[in-house]
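Asker: Shown below is the structure under consideration.
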Amino acid sequence: MPRLLARGLILLVLLLPHAPRAGTLDRAAMERLFPAPLVVGEKEASPPVWPIFRTAMTSPELVAYAFESADLAPIPGFSGVPPNLLVALGPDGSYLDVRVLSHHEPVFLEGLGEEPLHRFVAQYAGLGLRQSVKVGSATTGASRGGSAAATIDGVAKATASVRIINESVLAAALAVARAKLGFAAGRDPGLRVTPREDAFEPLPWPELLRRGLVRRVAPSNAEVERGFAGTSVAGMDAAALAAPEAAFAEIHIAYLNTPVTGRNLLGEAGWRALQRDLEGGHHAILLLSSGRWDALGEDFVRGAVPDRVALIQDGLPIGLRDIGLERIALPPGAPEGRATILRIGAQAGLDPSQPWALELKVTRERGQIFPERVSQVLAAAYEPQPGLFLREAPDAAGGWRALAAERAAELGLLAAALALLLVALARQRWLTASPRGFALFRAGFLLFTLGVIGWQAQAQLSVVTLAGLVRAAAGTGDLSFLLYDPASLLLWGVTLATLVAWGRGTFCGWLCPFGALQELARQAAAPLRLRQVRVPPRWDARLRRVKYLALALVLGSALLPAPWAEAAAELEPFKTAITLGFDRSWPFVLYAGGLVVANLVLHKAFCRWLCPLGAALVLGGRLRVPDWLARREACGSPCQLCRVRCDYGAIRRDGGIDYDACFQCMDCVVIHNDRRQCVPLVLADRRAARGRGA
Amino acid sequence: MRRRSLGLAVGLLAWPARAERGLVEARRLGLAFGTTFSIRALHAEARVLQAALDAAVAELRSVQAVLSLFDPDSQLSRLNREGMLRRPDPVLLAVLAEARALWAATAGAFDPTIQPLWRLWAEASARGARPSEAALAEARALVDFAAVEADADGLRFRRAGMGLTLNGIAQGHAADRVAAVLRAAGIADALVDAGEFAALGRRGDSAPWQVGIRDPRRGTGLVGSPVTLEGCLAVSGDDECAFTADRSEHHILDPRTGHSPRDLALLAVRAPRAALADGLSTAGFVVGPARAEALAARFGASVEAWVTKDGAVRRPG
């Protein structure tokens, strides 16, 4: 029957339509979300965004682009369904609002509730696309490494889910920004660009100039005069007319964050002081103004935003502010003049590895009382040297890599323990040589499974993952959500491998935290000497089939709307017992706790008869090849010791092991190797003793 | 170069207008041609009104699909990319015909083939620089409306590297077509702002539609008193899309020099059709105010107002 069920399920998966991904909000819903004085404009087709206007003086002003993340970046979450977030992006790339429209993340639906999720998305307001928004772990919280990155607090126990949500928001917003806000196509605003610390050599001023690390711009009087030609201020500058070829201004600019410019220009002390000032990822530019025209102007105040100077990159202005140093000592060879260091905030989105330009405004005034002002702009372009910067891929794209790195220690511990188990089980003879030693090993490992694999690493495998796989495969086909929980992925890998080699028992008997909980509860309750309820084989066989029904229910409901899937998944007590540590509403605690208590008299009743994951593993275990647990010819004919002792009823009358039901507790192997217990061995010893004796 | 979407003309009306004549008023806002559009209409029945507005928005989108330079898939964008276009849309042909008439009337001062110049300025200004005179001369060599061929096969550029921009006339044409669709749907009173204005009938309170022209130097103030609009109004200005910070070089370029005209900051033209008003305001900007008045008169239009670079405002008539 299980085979029939399996085939039926596969058919179901292929025939049912894929999960819908289209945007869900219509005009009425949008108008409710953006009420007066805002006006919802006509929805654009590609990308699918709603322009939101405010009518100011009846001339409409575009205030935001509103869109659903599922339309632009459907990244499946743990349930296999992508979360859908409403994002309102301002025309300057800032997040105005992020709201959750729908999600099916198990951890928020029942466990933690919706409140932490809403608090999480509320953090976006005020941040911008020019900052790469990263999710800090709930424990560290604070920004790691600063730079043009803003870190928002994660949610404990839901790290993977909120990272997927962050990625969805960022990816969708970037797609809109590229289409609507003119973000340079090649430039990813989330990219972290940092100067390389090791690219330094001492260079004198002429060499810095020659290599383009310091750039000199010296427009002539004639050039500037041409710029004013035809205006009312033409010809006002007598000195310029007298010496047209002479320099009107001499400007030197340099980007200071790279050591090869900063250290060479400012000296050791100055460089160190600058680095302190720039902590947090800010940038600095040197501006040296010699010649007739002063780029700063007489009324310039230290520490202020300069009037005549602007910085442009990609056609977009980037804010500057004087850093406020009184004196800047430049190396010999630099011309005399006024030097200033201008600071650019980390948040401004400057990419120092791309060209930028300083725009210098030259203004002439005519008239005394109400002077007429005419300006022109001189541009000083700066081309950064290649090889001076490190460009790091945004954290979001390699999000799961970062996650794995963070949990490296934990993953290492898990991997070591799993390796130990695999070695131990492979060498069953050695493992079971001493019954007491084995009992200690088993108890110890089960404690590790419950405490570390279960409660600490939260790597309890669950049929929900299988359901999510079904959903994702039927929908977007994107299975990358699995990468967001590396510990579980590791467990799955080992489980599947041992499934094929040894059957379901490796996971069910050793790696399932809930199973370990039940076993340990039994061992703790042993002194109570509770009467065990032994189920007759016929009933056992019938009850075993119940778990296949449970599996069909869970996987089938994965193709229905999410609330059904979530309800079906509650057949598993794992969320209550392991994920939330019994911290949940009483019906769920009653169910999970009740199963553990029932297990005290009905050994691992849930595991043998009800667990949908167990059912799936049994089906998978049919692929197993070797009958690997040690048996003798005498087993079953006529010795029935192991069969009687087996707590799981997994040994048949003929002595063969039913691997579908075997939980690899190794009791029968212990007996098999114990000369004092295994009946054929005992008999053989007695015969030998009698042979030797009188 | 990102074109900033600043409408120069402001629809100055009491909002919400009291619909005294027993009319319902409705409005649609959105984005088209790189700027915001607004279509306001009145009708006795809400159902008819909404259907008409739906048709109007659809018409605007379809014109955009042919004429918009901002849409990489539009017929115009394809023509510019490939240098030729088979089976051009009648809308495109109609606009080109109108452009040709203006080109002839202004002896080349209005020339939609300035796209190579525009590209040069956009690319240079993104670097914070200006194009060299040599580069400008090279680009000017590609500016020649006579080198655009239209025949049974389609449209073709005779020289490689040529490009068309219909920004000086497309928004007006779009406004005309939207107005036509509204009229066909039974709407007698509407104000269409597709970047340029087309007015039908009157406001809800029976007063004529009024439009204010925003002062190009002071973002919020208006130039003089509002313009009473019966017919169409188009405004060209230097602050819509400037290549230099002081706005001496902007999106309206003199095809003969490669630079923007020096005298004007703004020119507003009133005409019976919006496409005509749009083209005349662009052409008039290039030829200067005096000649613009004569030019407009030839087409049955009139210059409403202009503002010089040093801030002087003139409202002829």
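Asker: Give the residues of the stretch B:242-260 that are open to solvent by less than 10 Å² (accessible area, probe 1.4 Å) and within 14 Å of chain A (Cβ to nearest Cβ), sorted by residue number.
Answerer: B:Glu249, B:His250, B:Ser260
Asker: Can you tell me how many residues in the stretch B:34-75 are touching a residue at least 60 places away in the same chain (Cβ under 8 Å), away from chain A (no Cβ under 13 Å) and outside any helix (DSSP H, G or I)?
Answerer: Total meeting the criteria: 4.
Asker: Further question: One residue is enough: does the stretch A:114-128 have a residue meeting the conditions within 20 Å of A:Ala173 (Cα to Cα) and at pLDDT below 80?
Answerer: Yes, the stretch A:114-128 has at least one match.
Asker: Could you grab me the full set of residues in the stretch A:348-370 that are more than 7 Å from every other protein chain (Cβ to nearest Cβ) and either within 40 Å of the chain's Cα centre (by Cα) or at pLDDT below 80 (or both)?
Answerer: Hits for the stretch A:348-370 are A:Ala348, A:Gly349, A:Leu350, A:Asp351, A:Pro352, A:Ser353, A:Gln354, A:Trp356, A:Leu358, A:Phe370.
Asker: Need the failing condition index for A:Asp478 against (1) under 34 Å from the mean Cα position of the chain (by Cα); (2) at pLDDT 85 or above, just the number.
Answerer: (2)
Asker: Still on this model: Looking at (1) over 30 Å from A:Glu372 (Cα atoms); (2) touching a residue at least 12 places away in the same chain (Cβ under 8 Å); (3) of a type outside the set (Val, Ile, Thr), which is the only condition A:Arg178 fails?
Answerer: A:Arg178 satisfies every listed condition except (2).
Asker: Read through the list (1) more than 14 Å from B:Ile169 (Cα to Cα); (2) of a type in the set (A, V, I, L, M, F, W, C); (3) not in a loop (DSSP other than H, G, I, E, B), then give the number of the only condition that B:Phe285 fails.
Answerer: Looking at each condition in turn, B:Phe285 falls short on (1).
Asker: Could I ask something else about it? Restricted to the stretch A:187-211, and to residues that are in contact with a strand residue (DSSP E or B) (Cβ under 9 Å, 6 or more places away or on another chain) and at pLDDT 90 or above, which residue is nearest to the other protein chains (Cβ to nearest Cβ)?
Answerer: Taking the candidates together, the pick is A:Leu209.
Asker: List, please: which pairs have Cβ atoms under 6 Å, are six or more places apart or on different chains, and start with a residue in the stretch A:30-42 that is closer than 14 Å to B:Ala26 by Cα and end with one that is open to solvent by 70 Å² or more (accessible area, probe 1.4 Å) and part of a helix (DSSP H, G or I)?
Answerer: Close Cβ pairs satisfying both conditions: A:Val40/A:Glu31.
Asker: On to the next question. For the stretch A:371-392, how many residues meet the condition of being out of contact with any strand residue (DSSP E or B) (no Cβ under 6 Å at 6 or more places or on another chain) and within 14 Å of chain B (Cβ to nearest Cβ)?
Answerer: Number of matching residues: 2.
Asker: Further question: Output the residues belonging to the stretch B:119-163 that are surrounded by 15 or more Cβ atoms within 10 Å (Cβ to Cβ), part of a helix (DSSP H, G or I) and away from chain A (no Cβ under 14 Å).
Answerer: If the condition is that a residue be surrounded by 15 or more Cβ atoms within 10 Å (Cβ to Cβ), part of a helix (DSSP H, G or I) and away from chain A (no Cβ under 14 Å), then B:Leu120, B:Ala135, B:Glu138, B:Ala139, B:Arg140, B:Phe145 are the ones that fit.
Asker: Right, here's the next one. Hey, does the stretch B:233-240 have a residue that's more than 30 Å from A:Ile312 (Cβ to Cβ) and either aliphatic (A, V, I, L, M) or open to solvent by less than 10 Å² (accessible area, probe 1.4 Å) (or both)?
Answerer: yes
Asker: Right, next: For the structure I just gave you, tell me whether A:Asp583 is within 38 Å of the chain's Cα centre (by Cα), outside the structural domain of A:Leu511 (by TED's automatic domain parsing) and either part of a loop (DSSP other than H, G, I, E, B) or under 30 Å from A:Ala156 (Cα atoms) (or both).
Answerer: Here the answer is no, as A:Asp583 does not meet what is asked.
Asker: Can you find a residue that is at pLDDT 85 or above, outside the structural domain of A:Gly212 (by TED's automatic domain parsing), open to solvent by less than 30 Å² (accessible area, probe 1.4 Å) and under 30 Å from A:Val669 (Cα atoms) anywhere in the stretch A:393-415?
Answerer: Yes, the stretch A:393-415 has at least one match.
Asker: Okay, next question. For the stretch B:169-274, give me every one of the strands (runs of 3 or more DSSP E) that falls completely inside it and has 3 or more residues that are of a type in the set (A, V, I, L, M).
Answerer: Because the criterion is at least 3 residues that are of a type in the set (A, V, I, L, M), the strands (runs of 3 or more DSSP E) in the stretch B:169-274 that meet it are B:189-193, B:197-200, B:232-237, B:264-271.
Asker: Also, quick follow-up: Could you list all residues from the stretch A:1-50 that are over 30 Å from A:Pro91 (Cβ atoms), open to solvent by 50 Å² or more (accessible area, probe 1.4 Å) and modelled with pLDDT of 55 or more?
Answerer: Across the stretch A:1-50, the qualifying residues are A:Arg3, A:Leu4, A:Arg7.
Asker: Working only within the stretch A:575-588, note down all residues that are of a type in the set (Ser, Thr, Tyr) and open to solvent by less than 50 Å² (accessible area, probe 1.4 Å). Write out each step before concluding.
Answerer: Within the stretch A:575-588, the first condition is being of a type in the set (Ser, Thr, Tyr), and the residues that meet it are A:576, A:579, A:585.
Across the stretch A:575-588, the qualifying residues are A:Thr576, A:Thr579.
Asker: A follow-up question, please. Quick one: B:Val24 ticks every box in (1) more than 14 Å from chain A (Cβ to nearest Cβ); (2) surrounded by 22 or more Cβ atoms within 10 Å (Cβ to Cβ) except a single one, so which number is it?
Answerer: (2)
Asker: Looking at B:Met162 and the list (1) modelled with pLDDT of 85 or more; (2) closer than 20 Å to B:Ala275 by Cα, which single condition is not satisfied?
Answerer: (2)
Asker: Let me ask something additional. Go over the candidates A:Ile341, A:Ile328, A:Ile323 one by one and state the one that is at pLDDT 90 or above and more than 10 Å from chain B (Cβ to nearest Cβ).
Answerer: Unique residue meeting the criteria: A:Ile341.
Asker: Does A:Leu469 satisfy being open to solvent by 40 Å² or more (accessible area, probe 1.4 Å), farther than 21 Å from A:Cys508 by Cβ, part of a helix (DSSP H, G or I) and not polar (S, T, N, Q)? Spell out how you get there, then give the answer.
Answerer: On the way: open to solvent by 40 Å² or more (accessible area, probe 1.4 Å): yes; farther than 21 Å from A:Cys508 by Cβ: no; part of a helix (DSSP H, G or I): yes; not polar (S, T, N, Q): yes.
No: the conditions fail for A:Leu469.
Asker: Would you kindly identify the strands (runs of 3 or more DSSP E) lying entirely within the stretch A:282-386 that contain at least 1 residues that are in contact with a His (Cβ under 6 Å, 6 or more places away or on another chain)?
Answerer: In the stretch A:282-386, the matching strands (runs of 3 or more DSSP E) lie at A:283-290, A:338-344.
Asker: Take the residues in the stretch B:206-217 that are within 14 Å of chain A (Cβ to nearest Cβ) and modelled with pLDDT under 85, then tell me which one is farthest from the chain's Cα centre (by Cα).
Answerer: Selected residue: B:Arg217.
Asker: Now a separate question. Among B:Ala312, B:Ala271, B:Ala294, B:Ala277, which is the only one that is surrounded by fewer than 18 Cβ atoms within 10 Å (Cβ to Cβ) and at pLDDT 90 or above?
Answerer: That would be B:Ala294, the only listed residue that is surrounded by fewer than 18 Cβ atoms within 10 Å (Cβ to Cβ) and at pLDDT 90 or above.
Asker: Moving on. Among the listed residues B:Ala290, B:Ala275, identify the single one that is away from every other protein chain (no Cβ under 14 Å) and without any contact (Cβ under 8 Å) to a residue 24 or more places away in the chain.
Answerer: Exactly one of B:Ala290, B:Ala275 is away from every other protein chain (no Cβ under 14 Å) and without any contact (Cβ under 8 Å) to a residue 24 or more places away in the chain, namely B:Ala290.
The values are calculated or read from the model by the stated rules, or taken from the named source; none is laboratory data. For clarity, every value in this text was computed on a predicted model and none was experimentally measured. Don't worry about glycine lacking a Cβ; one is built from the backbone with ideal geometry, like all the others, and counts go over all protein chains shown. Accessible surface is based on the protein model in full, side chains and every heavy atom, while ligands, DNA and RNA are left aside. Shrake-Rupley method; radii C 1.70, N 1.55, O 1.52, S 1.80 Å.
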